[in-house]
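Below you'll find the structure, written out as structure tokens, and then a few comments.
The values are calculated or read from the model by the stated rules, or taken from the named source; none is laboratory data. Note that the structure is predicted; figures quoted are calculated from it, not measured. For neighbour counting, all protein chains shown are included, and Cβ atoms are generated from backbone atoms with ideal geometry for every residue, glycine included.
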């Protein structure tokens, strides 16, 4: 990332480099490990480079589920103000672990998000900050939707401009009717009261517009971006005769939603038809990955897989850099609204990407635009055939034919966020 506004492409010398103040509200922020935390980190750096003065309202380093990655704190703007307030679910779990286990399990079937309690400490802290900095924009980011709930109450308290960001639909995860009603009620209030809503794909924008038609004019599509400095100038692993094709899937699974089972079925079908041992190795790294070991063994493909727990972000990037083929698995049955962070992070590595997804999904759109490869997520024949085609290119020394073009460069964060920058400026006029 450029370290100053002057280093950014398109920066005009003499322009106003202090655009205004932003209170960034995000439950996920470094050193919390995970895709949303890396996205918020990248946006913080980019917006600061553009001349925005950011202050961050986030949680403490104590979480219920997520690990810490201290290296993610590196590269943040010098002197960045970070206000950390405790999330009561994590505090409760630490202080009363035995009691908390039962109570939190019950709440997970009542609340539309278990992290909603963070608002009790975040909102007062945000109000105090905004009282000292009244000419500010509130910018809240979800996938942890408590961030937008906090933004809602800060908007009501101050009347300041508020941008709510949705990477995913709130109600994508299986919920009971009580959770759905409560979640939809809160979501409706967010869409009514936000000055602007940012989503990451046209599919997600259409999804929200169909549910909240009164807010359609507020919805802006700004996709994820990748860190410009990791762009590789066409470098790839040397293809060695007889070496197995190294494939990586970097990203967490969500049991019951995003799973590798259809990919396993396609791989197993091809393995039965032609022995793949020594020809391909698929590494999967992320949360909930190891739980699919038994399924891999039952399908007879455990020898082709290496299932690993999540690793720090910089280690994951090194693993992607060493791989030959990058794999992304979509979430079927949700109108193709999900745009996995890892897909956009793959792009600058200039390596072939295989997406197992639905035609017309957000993932499919990016793959088509950037000249990558697609297999239908509900069709094991399509998956097997696509893998076979890629293996043939690998075996016969035609892998360099798959060299990526520069079409992916529009997803660089300094290009993607031009629209976000313009949106913030419009709220100040």
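Checking the structure you have, find out if any residue of region 396-419 is without any contact (Cβ under 8 Å) to a residue 12 or more places away in the chain, in contact with a helix residue (DSSP H, G or I) (Cβ under 6 Å, 6 or more places away or on another chain) and within 30 Å of residue 243 (Cβ to Cβ). No, region 396-419 has no match at all.
Screening region 364-377 for residues that are over 21 Å from the mean Cα position of the chain (by Cα) and modelled with pLDDT of 95 or more and picking the one that is surrounded by the fewest Cβ atoms within 10 Å (Cβ to Cβ) gives 376. Residue 6: out of contact with any helix residue (DSSP H, G or I) (no Cβ under 7 Å at 6 or more places or on another chain), at pLDDT 90 or above and over 23 Å from residue 124 (Cα atoms), yes or no? Considered against the rule, which asks whether it is out of contact with any helix residue (DSSP H, G or I) (no Cβ under 7 Å at 6 or more places or on another chain), at pLDDT 90 or above and over 23 Å from residue 124 (Cα atoms), residue 6 comes out as no.
The residue list 62, 68 contains one member that is in the same structural domain as residue 198 (by TED's automatic domain parsing), within 24 Å of residue 166 (Cα to Cα) and modelled with pLDDT under 80, which is 62.
Filtering 357, 331 for residues that are without any contact (Cβ under 8 Å) to a residue 60 or more places away in the chain and surrounded by 21 or more Cβ atoms within 10 Å (Cβ to Cβ) leaves a single hit, 357. Going through (1) assigned by TED's automatic domain parsing to the domain that holds residue 284; (2) out of contact with any helix residue (DSSP H, G or I) (no Cβ under 6 Å at 6 or more places or on another chain) one by one, residue 375 falls short only on (2).
Region 257-363 holds helices (runs of 4 or more DSSP H) entirely within its bounds, and those carrying 2 or more residues that are modelled with pLDDT of 95 or more and farther than 29 Å from residue 407 by Cβ map to 261-273, 293-298. How many residues does region 272-294 contain that are on the phi < 0 side of the Ramachandran plot and in contact with a strand residue (DSSP E or B) (Cβ under 9 Å, 6 or more places away or on another chain)? Going through region 272-294 one residue at a time, the tally reaches 13. Listed by position, the strands (runs of 3 or more DSSP E) inside region 144-231 whose residues that are buried (at least 21 other Cβ atoms within 10 Å of the Cβ), touching a helix residue (DSSP H, G or I) at 6+ places or on another chain (Cβ under 9 Å) and at pLDDT 95 or above number at least 2 are 162-166, 196-199.
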